[in-house]
Amino acid sequence: GGGGGSPDEESNVFSSVFEEPPAVALSLAKPTAEGCTAPSAAAHTLSPEEVRWCQDLKTALDFAGIAHPNGDDFMIAQFAIVAKGNVDKAVQRIANYERVVAGEFQYRTEEAMNSEALSFMDRRFPGMIHVCKQASGSPVTIAANMVKFLPGSVEWNDENWRAFVHDFMLELDAANCDLEEVRKGIVYLQDGKGMGWKNFSVELEKRATCLYQDNYPVKFKRFYIVEAGVIIIAIIQICRLFMSKKIMSRMVSTSQADLYNVYGFQPSFLPQLFGGTHDENFETWLAARLARRAESVRVVKIPER
């Protein structure tokens, strides 16, 4: 169910805020088969081109005296794949990651998994985060009910900022749990129905944007904002001040009906939040995918030249 005007009406309302997505984007979220994807051979296998990217990146890091992120080959491969072999870009992102994520916030996947940071946002804002069923060949999709997000209810001291960052990094680590998932990227769905200023924090948004835009290696395929209202238009205008044009171009405003009619989602793949039938516990999903990532870290190795 749902609905919020025709696509033409929405594009008129949001023409000054959202970039018009290219037609090819419509295939990104279309489910192609029932069931959650399981790791394939490609999940732990670098292509010959990717091997060269990784080798070049390791050489450049050693030359620049920059630590290897997390000290494992899988993370280097993740940076190399997201940068599509652009060594300078990958080196800069790793330098940022080591300075901010690993340095300032002292993030390590294994340690964060066994700390209070695990599912910090899910505990603070129950009902906010929802898991979508993943179709074969499609990016992982994570949904959020923004009405449940009440940043003003949290005292954002150093301990909570760190827990927020660690939790967000764990979510991204889980989404990028093997090489295939890194290649496919992530789709986010945000429900904007009833969202107001109390559901938004400029400081929190700026910190999160910095983490995924300049530090963590991730491909964001689409941000779908469902049933966006006037306040969200204002919020997006504020975000323009610190979000890159590339990130902004991936934002799509849509009605709930058009998630199905235009963008090809199916009810069995979406949670009840969007009129779907999929019901999966976020913490269970997180634990399973972090276990898959641990296996990737163990198995993926970059051959010596």
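Remarks
- Under 17 Å from the residue 210 label point (7 Å along Cα→beta-carbon), backbone N, region 144-168: 156-168
- Largest GNM mean-square fluctuation across 198, 245, 58, computed for the chain with C-alpha springs under 10 Å, falls on 245.
- Rolling a 1.4 Å probe over the protein heavy atoms of the chain, with every protein chain left in place, gives an accessible area that is 52 percent carbon and sulfur.
- Simple spin-label estimate for residue 294 and residue 42 gives 2.7 nm between the two label positions (7 Å along the Cα-to-Cβ direction from each Cα).
- Residues whose placed amide H lies under 5 Å from that of residue 140, excluding near-sequence neighbours: 187
- 280, 155, reordered so the largest accessible area comes first (probe 1.4 Å): 155, 280
- Axis of helix 158-175 versus longest Cα principal axis of the chain: the two differ by about 80°, to the nearest ten degrees.
- Greater than 21 Å apart at Cα, pairs in 84/219; 219/245; 221/246; 84/301; 58/184: 58/184
- Taking a sphere under 12 Å around the Cβ of residue 282 and counting the other residues whose Cβ falls inside, with K and R at +1 and D and E at -1, yields a net charge of -4.
- Cleavage-rule hits (GluC sites (Glu not before Pro)) in region 84-119: DSSP loop, at most 16 neighbouring Cβ within 10 angstrom: 116
- Solvent-accessible surface of the chain, taken per residue with a 1.4 Å probe and all protein chains present: 45 Å².
- A simple count of charges around residue 206, restricted to other residues whose Cβ falls under 14 Å of its Cβ and scoring Lys, Arg +1 and Asp, Glu -1, yields -1.
- Highest GNM mean-square fluctuation among 190, 256, 106, for the chain modelled with Cα contacts below 10 Å: 106.
- Phi angles across region 132-140 convert, under the Karplus curve 6.51 cos²θ - 1.76 cosθ + 1.60 with θ = phi - 60°, into 3J(HN,Hα) values of 9, 6, 8, 8, 4, x, 9, x, 5 Hz, Gly and Pro given as x.
- Near residue 221, once Lys and Arg are set to +1 and Asp and Glu to -1 for all other residues with Cβ below 9 Å from its Cβ, the sum equals +4.
- Relative to the longest principal axis of the Cα atoms of the chain, helix 230-239 runs at roughly 20 degrees.
- Mean-square fluctuations from a GNM of the chain, with a 10 angstrom spring cutoff on Cα atoms, peak among 262, 182, 147 at 262.
- Note: relative contact order over the chain, using C-alpha pairs below 8 Å and six or more positions apart, is 29 percent.
- Degrees, to the nearest 10: 48-64 long Cα axis against longest axis of the chain: 70
- Taken about its Cα centre, region 27-176 carries a charge dipole of roughly 520 debye when the Cβ of each Lys and Arg holds +1 and the Cβ of each Asp and Glu holds -1.
The values are calculated or read from the model by the stated rules, or taken from the named source; none is laboratory data. Note that this is a predicted model, so its numbers are computed, not measured. Ideal geometry is used to build each Cβ from the backbone, glycine not excepted, and the neighbour counts take in all protein chains shown. Just the protein is used for accessible areas: all its heavy atoms, side chains included, with ligands, DNA and RNA removed. Shrake-Rupley method; radii C 1.70, N 1.55, O 1.52, S 1.80 Å.
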